[in-house]
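K.L.:
Below you will find the structure I want to go over with you.
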Amino acid sequence: MRKVTGIVGATWGLCGVLIILSYACVRLSGVAISAFEMPWSTLQWVVLVANTVFMVHSEGYRGFQRSFSPRVVARARHIMQAPSVTKVVLAPLFCMSYFGATRRRMFATYALSSGIVLMVLTFEYIPQPWRGILDVGVVAGLMWGIASLAAFVGRALTGRDHDVSPELPHPAT
């Protein structure tokens, strides 16, 4: 029963994170697409390209592929190996390091989440097409993140070594 519980928890954690990221991507895509209904200046096209490249590199590659995605998979693996009711029920939050992580990791998670919320609230006041220009970059970074998470899940399912710390507050038991 413990093995089944672990598998359910890990699956719920990974699927939950993918759902959260996909929801954000879909939600922002509508705003991004609506920006293309307006005429754009050369400056706006330049900003679109520069911002998209920047966001794919910083959010997609550095944020997701090199940090977030491998850690999410490592924490899902931990749930599979050491399930508890709290970890299984709240698996997406555990996988994203909102609890059960080192103090440094949880501080970083909450700080980043707060920054994202502030950016979302600020972006609400930016007029189109500028808001859409910024959202195109965010969506591109999120799509890279979703793809990187799927790739790390695929690697884990095929048994490839996954030597990434789940950043637990104490050695994994």
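K.L.:
Can you tell me the order of 69-75, 109-115, 39-45, 27-33 when each peptide is scored by its average per-residue count of other Cβ atoms within 10 angstrom, highest first? Numbers along the way, then the final one.
P.N.:
Values: 69-75: 24.3, 109-115: 12.4, 39-45: 10.4, 27-33: 16.3.
Peptide ranking by packing, descending: 69-75, 27-33, 109-115, 39-45.
K.L.:
Output wanted: per-residue J couplings in Hz (rounded whole) for the stretch 122-138, from phi through Karplus 6.51 cos²θ - 1.76 cosθ + 1.60, θ = phi - 60°, x for Gly and Pro.
P.N.:
My calculation for the stretch 122-138 gives 5, 4, 4, 9, 8, x, 6, x, 4, 4, x, 4, 5, 5, 4, x, 5 Hz in order.
K.L.:
What's the exposure ranking of Leu121, Leu18, going from fewest to most Cβ atoms within 10 Å? Don't jump to the answer; show the numbers that get you there.
P.N.:
Numbers: Leu121 9, Leu18 17.
The fewest-first ordering by Cβ neighbours comes to Leu121, Leu18.
K.L.:
Right, something else. Using a 10 Å cut-off around each Cβ, can you sort Ile133, Ile116, Ile79, Ile146 from fewest to most neighbouring Cβ atoms? Provide the component values of the computation, followed by the final result.
P.N.:
Working: Ile133 23, Ile116 12, Ile79 26, Ile146 19.
If I rank by nearby Cβ atoms, fewest first, I get Ile116, Ile146, Ile133, Ile79.
K.L.:
Give me a comma-separated list of calculated 3J(HN,Hα) values for the stretch 101-116, in order, Karplus coefficients 6.51, -1.76, 1.60 applied at θ = phi - 60°, integers in Hz, x for any Gly or Pro.
P.N.:
10, 5, 4, 4, 5, 5, 4, 4, 5, 5, 5, 4, 4, 5, x, 5
K.L.:
Percent of alpha carbon pairs in the stretch 1-150 separated by more than 21 Å?
P.N.:
Details: 5504 of 11175 pairs.
Beyond 21 Å sits 49 percent of the P(r) for the stretch 1-150.
K.L.:
Taking other Cβ within 10 Å of each residue's Cβ, how do Val139, Val88 sort, fewest first? Walk me through the intermediate numbers first.
P.N.:
Details: Val139 23, Val88 20.
Placing the least packed residue first, the sequence is Val88, Val139.
K.L.:
Placing +1 at every Lys and Arg Cβ and -1 at every Asp and Glu Cβ, with all other atoms neutral, what dipole size does the stretch 25-95 have around its Cα centre, in debye to the nearest 20?
P.N.:
480
A short reminder: the numbers here are calculations on the coordinates, not readings from a lab. Just so you know, these numbers come straight off a predicted model, no measurement behind them. Cβ coordinates were reconstructed from backbone atoms using ideal geometry, including for glycine residues, and neighbour counts include every protein chain displayed.
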